[in-house]
Amino acid sequence: MRSSDFDQLFRRDSTAAASSCPPAVLAERILDSMDVRVEAFAICRIARDAALVIPAISDLKIMYVLKGTMHLSVDGNEPLVSPAGSIVLLPKNLARTLAGRESVNRTYSAQEVIHMGIHNLMYIDAFAGDEYDIRVLCGRIQIGFANDFDAFDGLVRPISAKPDNDVFVRSAFEAMLDESRFRTAGSQALANTLMKACLVELLRHDLDQLHHPGSSPSILLKPGVGRSVIAILSQ
């Protein structure tokens with residue numbers, strides 16, 4: 001799919017399309033068409049009195065809080081407090097800080113404390129000795145509908161929620177972690193499928209809430225954009 005295809009379609013009058021697809025149906029079709037790929041996983045382990053500074057990267061990051069309560073600061077945004085069971089989708093190109101509480105006694109840079117653990121899993125440790133209070137699964141992912149169209153490029157705020165279906169979400173993230181540790185035939189496909197299911201849980205929870213500019217991708221919040229994408233996909 002070429003960028004020019006989108007440009008041409010966005011310039012058209014979408015009145016006919018707007019009347020043919022209700023918002024709920026539109027969101028369902030977009031979420032169903034969404035392509036998700038897991039690129040890498042790491043485990044962040046943080047002491048309650050410590051902060052972990054992670055530089056800006058050009059990829060989407062997803063976090064799942066396995067243990068404790070994570071205090072998250074993302075450049076240009078209000079701090080978030082995410083208890084265990086929370087999913088957070090982080091925008092591209094923004095630095096972030098993970099902490100055990102608002103006021104900390106020590107700060108670690110991710111580049112200085114990242115290391116390889118067993119089963120080729122990366123660890124990023126912001127603690128001394130063997131004590132840590134927060135454990136967060138961090139994933140680098142790609143989301144889109146084609147190689148040259150990323151539906152989440154316009155995201156400027158983190159999307160965060162503690163889904164109602166907590167048992168399923170936790171089991172899914174633990175399964176993805178196991179697949180990244182013990183890779184066999186089908187591991188990538190299974191991880192991608194589970195990640196998409198968790199993202200659907202996050203996004204549909206977010207769509208039920210009051211929105212602020214930049215809090216969700218425009219493809220889900222702006223019917224004209226979503227209908228244009230669906231029209232292209234149907235061709």
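The values are calculated or read from the model by the stated rules, or taken from the named source; none is laboratory data. Computed from a predicted model, the values in this text were never measured in an experiment. Positions of Cβ are backbone-derived with ideal geometry, glycine not excepted, and every protein chain shown enters the neighbour counts. The protein model used for the area step is the full one, side chains on, heavy atoms only, and it has no ligands, DNA or RNA in it. Shrake-Rupley method; radii C 1.70, N 1.55, O 1.52, S 1.80 Å.
So for the range 113-203, Kirkwood radius off the Cα pairs, Stokes-Einstein at 37 °C and 0.692 mPa s: how many µm² s⁻¹?
For these conditions, the coefficient is 212 µm²/s.
What's the local net charge at Asp166, with K and R +1, D and E -1, over the other residues with C-beta under 13 Å away?
-1
Computed over the Cα atoms of the range 25-75, what is the ratio Rg over Rh, Rh following Kirkwood?
My calculation of the ratio gives 1.07.
Ignoring ligands, DNA and RNA, how do Val167, Val200 rank by accessible area with a 1.4 Å probe, largest first?
Val167, Val200
Asp49: accessible area at probe 1.4 Å, nearest 10 Å²?
Result for Asp49: roughly 40 Å² accessible.
Relative contact order for the range 58-189: what is it in percent, counting Cα pairs under 8 Å that are at least 6 residues apart?
Across the range 58-189, relative contact order equals 32 percent.
I need the GluC sites (Glu not before Pro) found in the range 101-198, filtered to DSSP loop residues with at most 15 other beta carbons within 10 Å of theirs.
Glu102, Glu131
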